[in-house]
Amino acid sequence: MAFSVVMPALELAQETGKILSWIKNEGDSITKGEPLVEVETDKITFEVEAPADGVLAGVRSHAGEDVPVGRTIAWIVAPGEKPPAETDTPTARRVAPVSEAPTLAPPSPARGTAKVSPKAKRLAKELGVDLSKIRGTGPDGTITGEDVEAAAKAPAREPAITPLSAVARLMAERTTESWKSAPHFFLVREVDAGALTAARERLGREITHTDLLIALVARALPKYPKLNAHWVGQSIELHPAVNIGLAVAVNDGVVAAVIPNAGSLSLAEIAAARRELAERARSGKLRPQDVTGGTFTISNLGMYGVDAFSAIITPMQAAILAVGRIKDRVVPVDGQPGIRPMMTLTLSSDHRVVDGAQAALFLNDLALAIEEGAL
């Protein structure tokens with residue numbers, strides 16, 4: 001029986017995916033779950049895995065092609081079996097690889113028919129001035145040497161435009177969508193992180209403050225199901241599982257890598273999952289399942305020296321926790337001034353789903369768990 005390999009879709013409004021490279025070749029023996037092909041979407045680069053054991057055959061899309069979601073790109077067949085005949089579908093759009101880009105680049109605009117004096121030509125070359133952008137003041141509009149010198153001294157008028165990568169563009173679209181649609185409100189709580197720091201030192205350097213926070217948040221959320229939910233139309237959908245998204249910085253954007261069923265994992269398992277996700281994110285190897293299904297997100301900027309900040313809620317979620325750095329501060333201790341390692345937590349919530357009292361109770365329980373080292 002033949003199994004089709006199709007261009008997968010993430011949970012977002014993805015229409016196409018670009019074939020970057022085939023990891024396996026046509027005719028290779030394949031084991032179910034083996035990576036077959038590397039694909040790029042607007043969000044991530046990931047590997048498509050084999051849906052079954054067999055032989056890779058009937059490869060229909062090649063490196064550089066932009067393929068519609070759901071289209072068959074190859075088949076897994078039994079040894080000796082032929083792949084099904086290709087159906088009459090539109091041909092995938094061919095996207096030129098990087099090596100072809102110079103041949104496909106549009107030509108530079110022509111300079112026009114304005115007359116240019118010999119002196120102006122010489123000065124333009126010496127001063128690096130574009131003659132096509134100068135309006136001549138000489139007879140019949142001739143560009144003179146004085147025109148070139150004036151242009152060289154004039155401040156640049158055109159702003160620099162930096163194109164966005166796919167990840168940065170998607171992040172901009174998603175944060176804009178969330179900010180416009182979800183009525184955010186913010187609660188701030190200062191927490192004594194002494195017990196958290198002591199727990200990290202006791203458990204070893206492989207465990208980070210973020211790992212501890214993931215564990216504590218995952219344990220607190222079941223008591224407050226609306227913090228682990230999202231707004232759908234005119235109703236609230238409660239998520240049955242606690243899947244913690246962790247904001248991870250990549251080259252020029254941020255992705256929320258997801259640790260599924262975090263409440264049922266040990267600290268060691270959470271730490272291992274977090275390290276693996278962070279490495280995949282930095283190397284551009286996140287898989288679709290790594291970035292979908294999150295129900296609550298944690299964004300920790302403490303390692304960047306940030307004291308506190310407010311985060312924008314991830315779409316399809318109701319809340320996000322922003323974590324600042326741990327810093328020694330003078331605070332009351334048993335009625336006297338004392339120095340304690342303090343940390344600021346800021347909870348952003350969707351007011352359509354969560355009211356202020358629920359958010360406050362959740363944040364209070366989390367703060368107490370941190371201060372008591374309830375791990």
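Every number here is computed from the coordinates shown, using simple stated rules; none is lab data. Values in this document were obtained by computation on a predicted structure and should not be read as measured data. Every residue, glycine as well, gets a Cβ built from its backbone with ideal geometry; the counts of neighbours run over all protein chains shown.
Figure legend: label point modelled 7 angstrom from the Cα of Phe185 along Cα→Cβ; residues of the range 206-234 with amide N under 16 Å from it are 226-227. Kirkwood hydrodynamic radius for the range 134-225: how many Å is it when counted over pairs of different Cα atoms? The answer is 20.4 Å. The gain in end-to-end length when the Ala78 to Ala360 segment is fully stretched comes to 95.7 nm, 0.36 nm per residue minus the alpha carbon separation. Label-to-label distance for Asp28 and Thr197 is 5.0 nm, based on points extended 7 Å past Cα in the beta-carbon direction. Cross-link partners of Lys115 among aspartates and glutamates, defined as those whose alpha carbon lies under 16 angstrom from its own and excluding same-chain residues fewer than eight positions apart: Asp130, Asp140, Glu146, Asp147. Whole-Hz Karplus values for the range 230-244 come out as 7, 8, 10, x, 10, 9, 10, 9, 8, 7, x, 10, 9, 10, 8 Hz, taken residue by residue from phi with 6.51 cos²θ - 1.76 cosθ + 1.60 and θ = phi - 60°; glycine and proline positions read x.
Between the amide H of Ala311 and those of Ala322, Ser348, distances stay under 5 Å, these residues lying 5 or more places away or on another chain, with hydrogens modeled in the peptide plane. As a rough guide to protection, the peptides 255-262, 49-56 ranked by mean Cβ packing within 10 Å, highest first, stand as 255-262, 49-56. By the count of neighbouring beta-carbon atoms within 10 Å, fewest first, Ser21, Ser61 end up ordered Ser21, Ser61.
Note on the chain: GNM, Cα springs under 10 Å; of Pro84, Pro332, Pro118, the largest mean-square fluctuation is that of Pro118. Bridging of Lys119 to lysines at a Cα separation below 23 Å is possible for Lys133, Lys153, once same-chain residues fewer than 8 apart are set aside. Here the label points at Ala9 and Val254, each 7 Å from Cα along the C-beta direction, are separated by 2.8 nm in the simple model.
Note on Arg169 and Lys115: the model spin-label points, each 7 Å out from Cα along the C-beta direction, lie 4.6 nm apart. Relative to the longest principal axis of the Cα atoms of the chain, the long axis of helix 209-220 makes an angle of roughly 60 degrees.
For Ala308 and Ser264, the difference between the fully extended length at 0.36 nm per residue and the C-alpha to C-alpha distance is 12.9 nm.
Using just its DSSP H runs of length 4 or more, each adding -39500 (n - 2.57), the chain gives a mean residue ellipticity at 222 nm of -7500 deg cm²/dmol after division by all residues. Rounded to the nearest 10 degrees, the angle from helix 118-127 to the longest Cα principal axis of the chain is 20 degrees.
Over all directions, the average projected area of the alpha-carbon convex hull for the range 166-372 comes to how many nm²? List each step's numbers first, then the result.
Numbers: hull surface 47.0 nm².
Mean shadow area of the hull around the Cα atoms is 11.7 nm².
When the alpha carbon gyration tensor of the chain is reduced to an equivalent ellipsoid, its three semi-axes come out at 47, 37, 19 angstrom, largest first.
Amide H contacts of Asn261: Val242, Asn243, Ile244, each under 5 Å away and 5 or more positions distant or on a separate chain (H built 1.01 Å from N in the peptide plane; Pro and chain starts excluded).
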